[in-house]
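Below is one structure; the comments refer to it alone.
The values are calculated or read from the model by the stated rules, or taken from the named source; none is laboratory data. Note that the structure is a prediction, hence the values are computed from the model and not measured. Note that each Cβ is placed from the backbone with ideal geometry, even for glycine, and that neighbours are counted across all protein chains shown.
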Amino acid sequence: MSRKYKVLFLCRDNSIRSIIAEALLRELAGHRFDAFSAGPEPAARLHPLAVAQLRPGISGRAVLSPKSWLEFTGEWAPRMDIVIALDEFVGGLHAPVFPGAPAFVYWTITDPLVGGHGSADEQACLFDKTFWQIVRQVSALIELPQYAQPASNHANLVDAANAANAGNTVNAVNVASGGAKPVRGTAVRFEAAAIVPAPSSAAACT
């Protein structure tokens with residue numbers, strides 16, 4: 001019997017980047033992935049400009065909300081296959097221990113709020129750039145051959161990570177297979193090639 005891969009996206013307040021990533025993965029490959037997101041300092045609500053980026057073509061937005069990453073550390077929390085940190089604050093030693101020995105991955109995604117608040121048009125451009133950066137990364141994740149099929153109940157992520165070393169755009173390392181004892185997971189650097197062209201509006205935001 002097969003199951004979906006479970007992916008948890010992390011950023012500090014879980015209101016912009018990780019929320020967009022969760023929504024995109026669910027929309028683009030919800031038949032193969034269960035997407036979640038969280039952060040150490042969850043905001044009271046989603047950032048309205050993040051919501052605006054998702055509004056045109058993303059279904060199921062009602063289920064999106066900022067959550068604490070502690071919700072994914074308990075005994076009854078879902079066991080993740082992959083945990084993806086979208087900023088340095090939530091990566092490495094800053095992150096809690098997640099059950100199930102997930103692969104721990106870093107994506108370099110620009111925070112659209114860094115650098116202060118400009119005009120409304122400037123802010124919209126920054127959010128547009130961040131959105132399309134996440135689209136490229138999520139699309140590249142979906143295309144990886146080790147995730148092309150639903151996960152087996154006994155899937156060996158060591159083999160999947162080793163396969164990624166054999167010619168993909170991901171510079172992966174061996175990932176410990178799941179066990180009963182929660183562990184932080186093995187760090188993986190994910191820098192995907194751009195495979196989805198940004199629209200002209202994003203290209204104009206320079």
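Brief remarks on what is shown
- The residues of region 1-21 that are surrounded by fewer than 24 Cβ atoms within 10 Å (Cβ to Cβ) and either in contact with a Leu (Cβ under 8 Å, 6 or more places away or on another chain) or over 17 Å from residue 105 (Cα atoms) (or both), listed by number, are 1, 2, 3, 4, 13.
- Single residue of 37, 65 found to be hydroxyl-bearing (Ser, Thr, Tyr), outside any helix (DSSP H, G or I) and crowded, with 19+ Cβ neighbours inside 10 Å: 37
- Tally, over region 5-34, of residues that are part of a helix (DSSP H, G or I) and polar (S, T, N, Q): 1
- Residue satisfying all of: in region 138-147; of a type in the set (A, V, I, L, M) and assigned to a helix (DSSP H, G or I); nearest to residue 9 (Cα to Cα) among these: 138
- Test: residue in region 50-60 that is over 14 Å from residue 131 (Cα atoms), surrounded by fewer than 19 Cβ atoms within 10 Å (Cβ to Cβ) and more than 13 Å from the chain's Cα centre (by Cα): yes
- In region 118-137, the count of residues that are modelled with pLDDT under 75 and either part of a helix (DSSP H, G or I) or buried (at least 20 other Cβ atoms within 10 Å of the Cβ) (or both) is zero.
- Residues within region 32-53 that are touching a residue at least 60 places away in the same chain (Cβ under 8 Å) and closer than 27 Å to residue 145 by Cα, tallied: 2
- Of all residues in region 107-121, those being of a type in the set (Asp, Glu) and farther than 15 Å from residue 20 by Cβ number 1.
- Pairs, first assigned to a loop (DSSP other than H, G, I, E, B) in region 70-82, second surrounded by 13 or more Cβ atoms within 10 Å (Cβ to Cβ) and modelled with pLDDT of 95 or more, C-beta under 6 Å, six or more apart: 78/6; 80/6; 80/8; 81/5; 81/6
- All positions within region 88-110 that are closer than 17 Å to residue 42 by Cα and touching a helix residue (DSSP H, G or I) at 6+ places or on another chain (Cβ under 7 Å): 96
- Selected residue (criterion: nearest to the chain's Cα centre (by Cα)) from residues of region 13-49 that are of a type in the set (Lys, Arg) and farther than 22 Å from residue 97 by Cα: 26
- Hits in region 40-53 (condition: within 21 Å of residue 108 (Cβ to Cβ) and not in a loop (DSSP other than H, G, I, E, B)): 49, 50, 53
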